[in-house]
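K.L.:
Below you'll find the structure I mean.
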Amino acid sequence: MAEHRKSLDDCAREYAEMSQDKLPSSLGFSARLNMLWDLAGVAPSQFEGRVLGVMAINTQWRETEIRKWLQKDVLPPRSDLRNMVIFLVAQLGEGQSVERWEAFLIYGAPVVSSPVNHAMYREDQARREIASLIFAKLADEYGIPPSAYDADKAFQRCLGLMHKFNIYEMQDFQPGHLEPFKNCMFPSE
C-alpha cells in the first residue's frame, strides 16, 4: 500500500479546489454525431430535415434537445446517448463497437481513435461532397489545371487525408490544411 503523505483534510481541501461544477463542452461532438447519423443512413441529411427525422425515430426527444445535440456540441443524457449509439451502430453492420463509438462521440480523436474504417469513410456521401469542395478549393486557390492531375487519384488522396485529419464537416477544414492537402493530392511527380 502506498504511503500517505497528505492528511485526509488536505486531500479533501484539494479535491474541493479541483472539483468542477460544470463539465467542459465536448468540442466536435455534434460533427461526430452527425457523421454517425450520415453513416447509419436512417435519417435525412442535415440540410433535408435531420432534426425532424431523428424526432420521428424517438418521439420522447424534443426538437430543442435534438438541435443542441446536432448543432451545439451538447451531449444528450447518458442513457439517451447510449441507446442512440446502440441503434446507429446496429445500422453499420458487423464489427462495430458500441463502446468505442460512444467514447469517440464524446471525446473525439486523438483521445479515442476514429472507429470509422477507411472504406466506410470513402463510401459516405457527405464526406465525398466535402472532399469535392476541398478539391475545388485547392484547384482554384493554387490555379491547378485539370490536365495537371489524375482526378480520381487526387480525389482518393483527399478522402484519405480527410480521414487522417478527422475532417467530418467542411468547417473542420482549416487554412492550415491547404498546403498539406495540396502536396498530397497534387504531388509534383
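K.L.:
Step by step: first the residues of the stretch 46-56, then only those that are of a type outside the set (A, V, I, L, M, F, W, C) and in a loop (DSSP other than H, G, I, E, B), then the one that is most open to solvent (accessible area, probe 1.4 Å). Which residue is that? Working first, answer last.
P.N.:
So the first thing to find is which residues in the stretch 46-56 are of a type outside the set (A, V, I, L, M, F, W, C), and the list is 46, 48-50, 53.
When the remaining residues are screened for being in a loop (DSSP other than H, G, I, E, B), the result is 46, 48-49.
Working: Q46: 79, E48: 140, G49: 31 Å².
Applying the filter and picking the extreme gives E48.
K.L.:
Let me ask something else. Cβ contacts < 9 Å: first residue among the polar types (S, T, N, Q), restricted to the stretch 70-95; second residue open to solvent by 70 Å² or more (accessible area, probe 1.4 Å), any location; separation 6+ or different chain. Result?
P.N.:
Final answer for the pair search is Q71/Q46.
K.L.:
Here's something else I'd like to know. Considering every residue within the stretch 61-68, establish whether at least one is in a helix (DSSP H, G or I) and polar (S, T, N, Q). Lay out the reasoning, then the answer.
P.N.:
Within the stretch 61-68, the first condition is being in a helix (DSSP H, G or I), and the residues that meet it are 63-68.
This time we only want the ones that are polar (S, T, N, Q), so: 64.
Within the stretch 61-68, one or more residues are in a helix (DSSP H, G or I) and polar (S, T, N, Q).
K.L.:
Are any residues in the stretch 1-45 open to solvent by less than 100 Å² (accessible area, probe 1.4 Å), in contact (Cβ under 8 Å) with a residue 60 or more places away in the chain and either in a loop (DSSP other than H, G, I, E, B) or polar (S, T, N, Q) (or both), and if so, which ones? Full working, then the answer.
P.N.:
Looking only at the stretch 1-45, we keep the residues that are open to solvent by less than 100 Å² (accessible area, probe 1.4 Å), and these are 2, 7, 10-12, 14, 16, 19, 24-26, 28-45.
With in contact (Cβ under 8 Å) with a residue 60 or more places away in the chain added as a condition, the list becomes 26, 28-29, 31-36, 38-39, 45.
Within the stretch 1-45, S26, G28, N34, S45 qualify.
K.L.:
Being open to solvent by 20 Å² or more (accessible area, probe 1.4 Å), under 19 Å from L27 (Cα atoms), among the charged types (D, E, K, R) and in a helix (DSSP H, G or I): is that true of R128 here?
P.N.:
Values: open to solvent by 20 Å² or more (accessible area, probe 1.4 Å): yes; under 19 Å from L27 (Cα atoms): no; among the charged types (D, E, K, R): yes; in a helix (DSSP H, G or I): yes.
The answer is no for R128.
K.L.:
Select, from V89, V85, the only residue that is over 14 Å from the mean Cα position of the chain (by Cα), surrounded by 18 or more Cβ atoms within 10 Å (Cβ to Cβ) and in a helix (DSSP H, G or I). So that I can check it myself, show each step before the final result.
P.N.:
Values: V85 fails: over 14 Å from the mean Cα position of the chain (by Cα).
Every option except V89 fails the conditions.
K.L.:
Just give me the residues in the stretch 46-55 being aliphatic (A, V, I, L, M), without any contact (Cβ under 8 Å) to a residue 12 or more places away in the chain and closer than 21 Å to V89 by Cβ, in sequence order.
P.N.:
The one that is aliphatic (A, V, I, L, M), without any contact (Cβ under 8 Å) to a residue 12 or more places away in the chain and closer than 21 Å to V89 by Cβ: M55.
K.L.:
Within the stretch 62-80, track down each residue that is open to solvent by less than 50 Å² (accessible area, probe 1.4 Å) and among the charged types (D, E, K, R). It would help to see each step written out before you state the result.
P.N.:
Looking only at the stretch 62-80, we keep the residues that are open to solvent by less than 50 Å² (accessible area, probe 1.4 Å), and these are 66, 69-70, 73, 76, 80.
Listed by number, the residues that qualify are D73, D80.
K.L.:
Here is a follow-up. Can you confirm whether the stretch 95-106 contains a residue that is more than 20 Å from R127 (Cα to Cα), in a loop (DSSP other than H, G, I, E, B), at pLDDT 95 or above and not hydroxyl-bearing (S, T, Y)?
P.N.:
no
The values are calculated or read from the model by the stated rules, or taken from the named source; none is laboratory data. None of the values given here were measured: they were computed from a predicted structure. Here the Cβ is made from the backbone with ideal geometry for all residues, glycine too, and neighbour counts use every protein chain on show. The area values use the complete protein model at the heavy-atom level, side chains included, leaving out ligands, DNA and RNA. Shrake-Rupley method; radii C 1.70, N 1.55, O 1.52, S 1.80 Å.
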